[in-house]
Amino acid sequence: MTVRKAVILGVVLELLLGIAAGAFYFKFYIFTPTYSLRAMQKDIQTGNVEDLQRRVDLDAIFRGGSQKLSELVPESEPVYAGLKDGSFGDLCKDEFLSYVQTGKWPEPEKITAESSFQDKIGLKTVSFRSLEYVYRDPPPGEEDKKDETLTDKLLSYILTKINDYMTGEESEEAAKEEVALQEDEGPVRVTAGIRVYEPNFGDTYILNLKLQRQEDGSWRLYDIENYSRYADELIKQNDRDYIRYKEKVRFILTSTQEKLDELRENHPETDLDWVFEARKIFEESYKRIDDLNVPIAGGYLNELLSERKEISLNMLEGYYDVASHSDNMNDAKAQADEARKAGKRRPAFNAAVWDNRLAKYNAKLSGLQKEWAENKSKLEAVVGGLVDRAAVAKQTAASMRNNDDEAVRAANYPGAADINGDSYSLLGGEYLPEISAYGNGEQ
């Protein structure tokens, strides 16, 4: 064969392969689940929200997923209501669309229970690694039957079609296969396994995506089958550190509350001495909390603690204003009384002016006390009620005492009551041994 003929043959083969590849792409590949998944990924990367919404049922993914997640948290959790009614899913959907459009997740102005839970389930930190498999789901009632993977079926079909295209023939077997692929006895669905990575989880995980074929031959994502299980494992992983963090915070808050209660027994809150000592107690509390390492899931709790610090500082100023004004008012009244007794006209004491100013200070302090109570309620909703250690100690001491001697005797000395009567006691003199370790009692 001459070089000229070899070149011509090579060009012809290249053209044939190009035609075959084009036929495969436009007649087949664009109608596969793999193509749809790649297209979704591209839509996210390019910010094509319109096409992404056409390929993904975002309401089903986010709102439906939110309601499934409500089964993973107790009703006492601040985020539970939003999970149950789907509003948490709506929030996640809006933030996800913003991420697609801008390329970055919106930063919340303030950490909330919702944003903290988003961190716990890895919503904003999970990343795609690879497509592992695609299976065609069996028809209803045949879920227990193993079926050839959709990828295998499609590959077989592709090779047959390419062969038919190259030879100009179409086998009866290929025709039957095409009919089998296109028949619509019911919704045609597949399960696609994608491997993802989440740094807080510390490992990869395969999520099962559920897709359904549309009338135009494309595929639409409508569910993530095992996301609840994945989120549950993530929550447990993050909670290992988070629970320890909560317990440490709870211990510090309990210690602070005990010291404040003890201080109130010795000084009224209108006393300046109370204000100075309370400030020392709070400053110690701030330092101990600031020294804690905040876990990934502790953002909301840490935000509440920061809010607590700000409120307490303002509240201490409020207590100082009231106490200081009260002292000054009493001094001014005493000086006016002394001047009046001495027959002097000055200094005069205007009670209305002093009382009006004191009322303003008290109103401001009352507002701060209300904020403090609300913050305390939110904190206790997260970490639990503060420990009453005096009550715990009393209960522990009571549990250490033998409150049921008869039951203890019956357990340790079965049959003793029958022999000696219910009043049997090991300490009774008649039951003590006649010979002890110190001799038989003889002098």
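The values are calculated or read from the model by the stated rules, or taken from the named source; none is laboratory data. Computed from a prediction, not measured in an experiment: that's the story for all the values here. Ideal geometry is used to build each Cβ from the backbone, glycine not excepted, and the neighbour counts take in all protein chains shown. All accessible areas refer to the heavy atoms of the entire protein, side chains included, with ligands and DNA or RNA removed. Shrake-Rupley method; radii C 1.70, N 1.55, O 1.52, S 1.80 Å.
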Hey, if we sort Tyr245, Tyr133 by accessible area with the 1.4 Å probe, largest down, what's the order?
Tyr133, Tyr245
DSSP loop GluC sites (Glu not before Pro) in region 35-89 with at most 13 other Cβ atoms within 10 Å of their Cβ, which ones?
Glu75
For the Leu97, Asp331 Cβ pair and Förster radius 60 Å, calculated FRET efficiency rounded to 0.05 is 0.40
Point-charge dipole on Cβ atoms (K/R +1, D/E -1) for region 293-335, about Cα centre, debye to 20:
100 debye
Beta carbons within 10 angstrom, averaged per residue: use that to sort the peptides 296-305, 229-238, 107-116, highest first.
296-305, 229-238, 107-116
Which FRET efficiency value, to the nearest 0.05, is calculated for Ala363 and Arg244 with the Förster distance at 35 angstrom and r the Cβ-Cβ distance?
0.30
Sorted by accessible surface (1.4 Å probe, heavy atoms of the protein chains only), largest first, Phe349, Phe276 come out as Phe276, Phe349
Using alpha carbon coordinates only, what is the Rg to Rh ratio of region 192-351, with Rh defined as the Kirkwood radius?
1.38
Each residue of region 215-223 in turn: what ³J(HN,Hα) in whole Hz from Karplus with 6.51, -1.76, 1.60 and θ = phi - 60°, glycine and Pro shown as x?
4, 7, x, 7, 10, 10, 7, 10, 6
Å² per residue, accessible surface of region 277-348 at 1.4 Å:
58 Å²
For region 55-111 (alpha-carbon point model, no solvent) the Debye-based log₁₀ I(q)/I(0) at q = 0.15, 0.16, 0.19 Å⁻¹ works out to -0.47, -0.53, -0.71
Could you calculate the contour length gain from Arg340 to Ile30, that is, 0.36 nm times the residue separation minus the distance between their Cα atoms, to one decimal place in nm?
101.5 nm
